[in-house]
Amino acid sequence: MRSQSAVARIASHDRAVIGACVFLISALAWAYLFHLEWQMASPARDTMMAKMGMPIDAAWGGPDFFITFSMWAVMMIGMMLPTMAPVLVLFAGIHAGRSGNPNAPVSVTVLLFALGYFAVWLAFSAGATLAQWILHEGAWLSSGMAPASPVLAGAILIAAGGYQLTPAKRACLTRCQSPLGFLVSNWREGAKGALEMGARHAKYCVGCCWALMCLLFAVGVMNLAWVAALTVFILIEKFGRTGAGVARAGGALMIALGVLVATR
């Protein structure tokens, strides 16, 4: 059996490596988002957005869809990567222990777990891009990628808040709040198993957070203040002692705010 000191060494070693990777990748993602926001705030915003493939009034083409998808994908990485750090550390520790070498460095298997996780979020990004395209084509979005109608903004807030109060939200959040329980009950061996576990964990995360991500359609897709606030809210939901209560309180607040916005 592994001693407590061996387990501590696993956690310490992997925490340092994984923490550094999470910090670096998250920083790069946020730097890209701030760069986009700066371009959008520029006096030559319309020209710059057109060059980026994000036209204000024109119909989208293939490149426009790809650029917008890239924006959503980077946003999901910046928001969700910090929340998956604990499960990555646990996965690395358990995998090292099962391999018979508690002091082994972080392996490719851990990377595959992360790839499986973000493959699901990339699929969500594609869906969000499709939704933005539909809203754009229907002239439901303003030039700042915010709702052109307060009724639409209010409806999105109310729908997102309502989902926060559902059993589906509670069930997915419970899974996300217990990464160790998830790993123990869903463990799979090998590279394929790591991919499958990462994807399965991401499905619970998407089930927990998709409505919160859709709030960006209500406040502005590139409103980084809201992106940062949602990231903090998701972290509190998942790892705070009263995460379930925070989720319900947040849902009630979203509904109230949605009614206020829709009727103003």
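No lab work stands behind these numbers, since they all come straight from the coordinates. Given the structure is predicted, the values throughout are model-derived calculations rather than measurements. All Cβ positions, even for glycine, are placed from backbone atoms using ideal geometry, and neighbour counts span all protein chains on display.
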In region 114-264, if the dipole is taken from +1 on Lys/Arg beta carbons and -1 on Asp/Glu beta carbons about the Cα centre, which of Gly116, Cys208, Leu173 is farthest to the positive end?
Leu173
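Please label the shape of region 107-176 as rounded, prolate or oblate, based on the square roots a ≥ b ≥ c of the eigenvalues of the alpha-carbon gyration tensor (a/c under 1.5 means rounded; beyond that, a/b larger than b/c means prolate, else oblate). Walk me through the numbers before you get to the answer.
Details: a/c = 3.93, a/b = 1.52, b/c = 2.59.
Verdict is oblate for region 107-176.
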Can you tally the net charge around Gly207? Count Lys and Arg as +1, Asp and Glu as -1, for every other residue whose Cβ sits under 10 Å from the Cβ of Gly207.
+3
Please list the non-local residues whose amide H lies under 5 Å from the amide H of Ala148, H modeled 1.01 Å from N, same-chain partners needing a gap of 5 or more.
Leu141, Ser142
Taking θ = phi - 60°, what integer Hz values does the Karplus form 6.51 cos²θ - 1.76 cosθ + 1.60 yield along region 199-207, in sequence order, with x for Gly and Pro?
5, 5, 5, 5, 4, 5, 5, 5, x
On full extension of the chain, what length is gained from Ser149 through Leu235, given 0.36 nm per residue of separation minus the C-alpha to C-alpha distance?
27.9 nm
Ala228-Ala16 pseudo-label distance in nm [points 7 Å out on the Cα-to-Cβ vector]:
3.1
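Count of lysine pairs in region 4-263 with Cα atoms under 19 Å apart, counting only pairs 8 or more residues apart in sequence or on different chains? Can you show the working numbers first?
Values: Lys169/Lys203; Lys169/Lys238; Lys192/Lys203; Lys203/Lys238.
For region 4-263, qualifying lysine pairs total 4.
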What FRET efficiency comes out for Leu111 versus Ala244 if R0 is 25 angstrom and r is the Cβ-Cβ distance? Round to the nearest 0.05.
0.20
